[in-house]
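Heads up, the thing below is written out as structure tokens.
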Amino acid sequence: MAITTEIKITNIEAKKSLEGKDHVITSISFDVSATDGTYSYSMNGVQYIPFDKDNFIEWADTPEFKAQVIEWTKPYSDQLTEGCINEVTELAKEEDEVLKFTYTE
């Protein structure tokens with residue numbers, strides 16, 4: 001089965017104002033996960049965002065800005081996603097099993 005992945009933003013820390021700019025994002029907390037429908041694995045991370053007055057992007061509560069925020073988590077989120085995919089792949093290969101009796105006397 002194909003492995004699907006997801007990045008979920010869990011928290012955004014920002015300065016109210018910095019050098020004449022409002023809502024300056026300083027860090028992004030996120031979860032990454034992978035699943036094959038049977039096995040799942042997730043990890044979390046924090047990406048710190050350096051302030052660049054010349055390339056500042058104003059905060060907006062839009063899908064486009066959310067996509068930009070996810071982009072800012074890379075390449076760290078890509079590394080975590082790769083780790084999650086590897087874990088799901090390994091879990092699916094496990095050869096151990098748990099056996100239980102299902103009959104009743």
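Every read-out reported here was derived from the displayed coordinates using simple, explicitly stated rules and does not represent laboratory data. Model, not experiment: these values are computed from the prediction. We place every Cβ from the backbone using ideal geometry, glycine too, and count neighbours over all the protein chains shown.
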Complete set of residues in the range 13-38 that are aliphatic (A, V, I, L, M) and crowded, with 16+ Cβ neighbours inside 10 Å: VAL24, ILE25, ILE28, VAL32, ALA34
The range 59-105, subset surrounded by fewer than 10 Cβ atoms within 10 Å (Cβ to Cβ) and among the β-branched types (Val, Ile, Thr), residue nearest to ALA34 (Cα to Cα): VAL98
Residue within the range 39-48 that is under 18 Å from THR4 (Cα atoms), among the aromatic types (Phe, Trp, Tyr) and surrounded by 10 or more Cβ atoms within 10 Å (Cβ to Cβ) present: yes
